[in-house]
Structure formats: C-alpha cells, structure tokens
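Following: one structure in structure tokens, then a few remarks.
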Amino acid sequence: MATNFLVHEKIWFDKFKYDDAERKFYEQMNGPVAGSSRQENGASVILRDIARARENIQKSLAGSSGPGASSGPSGDHSELAVRIASLEVENQSLRGVVQDLQQAVSRLEARLSVLEKSSPAHRATAPQTQHVSPMRQAEPPARKAAPAAEDDEDDAIDLFGSDEEEDKEAARLREERLRQYAEKKAKKPVLVAKSSILLDVKPWDDETDMAQLEACVRSIQLDGLTWGGSKLVPVGYGIRKLQIQCVVEDDKVGTDLLEEEITKFEEHVQSVDIAAFNKI
C-alpha cells in the first residue's frame with residue numbers, strides 16, 4: 001500500500017544529475033572567455049609599460065636638444081655640478097684656513113720655547129746648579145779666620161770715628177725734632193667713632209601725653225649721648241609716634257642700651273624701633 005502511494009507522488013529523484021550537467025555546461029561556456037579577457041588585460045598592461053619605457057628612452061636620448069631640456073634630468077645634473085663646484089671651492093678655502101692656523105700655532109710654540117729659555121727664572125736656576133760645590137762652602141771660614149785674628153790691631157786704627165765722637169750739634173737737632181714730633185702727635189685730636197640714630201618711640205594709645213613722653217626720653221643722660229631734633233609722626237586712628245634724633249659714641253653707647261633706658265618708662269612707651277642708623 002505504501003509503494004502505491006509513492007508511485008502516485010510527483011518527486012524528482014534525478015535532479016542532482018541535471019544540476020551537475022547544467023553546472024558543467026556553464027563552466028565550459030564561461031571559462032575560456034574569462035581567461036581570454038584576463039590575458040588581454042595583462043597584455044595591454046605590458047604594452048603600456050613598453051610604450052612608456054620607449055618614450056622615456058627617447059626623451060633621455062634627446063638630451064638638451066629638446067625644448068624642455070632645462071626642466072628635465074639634465075637640469076638636475078647641471079644643478080648638481082654647480083653645487084659640487086661650490087663645495088670644492090669651499091673645501092679649498094677651508095684647507096687654506098687650516099694651514100694658516102697650523103702655521104700660527106707652530107710660530108706660537110716656537111716663541112713660547114724661546115721665552116722659556118730666556119726667562120729670568122731659568123737663568124737664575126742655571127748658575128745655582130753650576131756653582132754649588134763643597135769646596136766653595138769651606139773657603140769662607142778659612143778667609144775669615146785671618147781678619148778675626150787681627151781685630152785687636154784694627155781697633156787701634158779708627159778711620160771713620162766712633163759713636164762717642166758724634167757731632168753734638170747734630171744730636172741736639174735730632175732730639176729737638178723728636179720732641180716736637182711727640183708734642184704735635186699728643187696735641188692731635190683722637191678720632192672718635194660716632195653714629196647718628198633715628199628712633200621711633202610708640203605710645204600705648206591716642207590718649208598718651210606725647211610732650212611728657214618726649215620729656216621722659218630726653219631725661220636720659222649718658223656719657224657719649226647727645227639728643228637732637230624730634231617730631232610727631234601720625235600712625236593712624238589718631239595715634240602719633242615720637243621720632244627723635246640722637247648722636248652716640250660707639251664705644252660708650254649702643255642701641256641696646258638706648259632701648260633699655262627708654263622702655264623703662266612703661267606708662268608712656270609701648271615700643272622703640274630704630275628707623276635709621278648712619279655712621280658719622
């Protein structure tokens with residue numbers, strides 16, 4: 001019953017054979033045509049390359065006779081030739097400069113050698129090495145032995161005179177001049193190192209009596225201290241500071257001593273600063 005059913009079905013059992021036959025047919029038709037087209041394309045490329053090569057050869061053979069010779073390869077060769085010529089000239093000039101420098105260095109070396117040979121140090125060292133000998137060192141004591149033995153005889157003959165026979169007038173003049181010089185030196189005032197100091201004395205507030213503060217500052221009396229001018233300088237918010245000048249001797253009065261003495265007035269003085277310090 002199953003076989004009868006398949007007999008009535010419309011099934012193409014040999015379809016793969018027809019497909020293979022169709023594929024082979026189209027391969028045979030298209031294969032030679034495609035190969036020939038590729039061959040033609042390759043031949044055309046080769047022909048174009050050959051034509052281009054011929055054209056280049058003809059241009060190179062034409063050389064400078066053609067109208068475009070100046071802009072072609074010959075123009076590049078001419079530029080290279082010019083550059084090579086300029087480089088050769090520059091190389092020759094550099095060689096000349098190097099030769100001149102070598103000659104100058106050689107002349108300087110020759111002069112240095114001459115100066116070293118003729119220098120005083122060289123001439124001074126040469127005699128020392130030539131004249132040093134043990135025989136010459138032993139000779140001076142032998143020569144001095146004879147004068148030492150004849151000292152007693154020389155004492156008897158004094159050609160130039162002794163210190164006791166010096167001219168009394170010359171000795172008196174010398175002593176007088178020495179005495180005058182000593183007196184002049186004693187009268188000359190001794191230089192004392194002094195300094196000019198400008199002090200800024202600041203009060204506590206604007207209610208501080210600045211006149212009383214200045215009086216307190218000027219009441220300080222020290223050896224080597226001299227008070228100068230003063231003025232009130234506004235600081236801000238109605239507060240003014242006392243700026244006072246003084247001259248001190250450096251060996252007797254210092255800035256630390258001044259600050260210590262002024263700050264003793266604690267009721268009026270807040271601080272003391274040095275505004276300026278100059279040597280006189």
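One table, with the values for the structure above:
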| quantity | calculated |
| --- | --- |
| Failed item, numbered, when GLN212 is tested on (1) polar (S, T, N, Q); (2) surrounded by 16 or more Cβ atoms within 10 Å (Cβ to Cβ); (3) farther than 17 Å from THR255 by Cβ | (2) |
| Residues that are without any contact (Cβ under 8 Å) to a residue 24 or more places away in the chain, assigned to a loop (DSSP other than H, G, I, E, B) and of a type in the set (Gly, Ala, Ser), drawn from segment 227-280 | GLY254 |
| Criterion violated by GLN128 - all others in (1) at pLDDT 80 or above; (2) exposed (fewer than 10 other Cβ atoms within 10 Å of the Cβ) satisfied | (1) |
| Qualifying residue in segment 18-29 (condition: of a type in the set (Lys, Arg) and modelled with pLDDT of 80 or more) | yes |
| Residue satisfying condition, being loosely packed, with under 14 Cβ neighbours inside 10 Å, part of a loop (DSSP other than H, G, I, E, B) and without any contact (Cβ under 8 Å) to a residue 24 or more places away in the chain, within set GLN221, GLN180 | GLN221 |
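The values are calculated or read from the model by the stated rules, or taken from the named source; none is laboratory data. Only a predicted model underlies this, so the values are computations on that prediction, with no experimental measurement involved. FYI the Cβ positions are ideal-geometry reconstructions off the backbone, even for glycines, and counts take in every protein chain you see.
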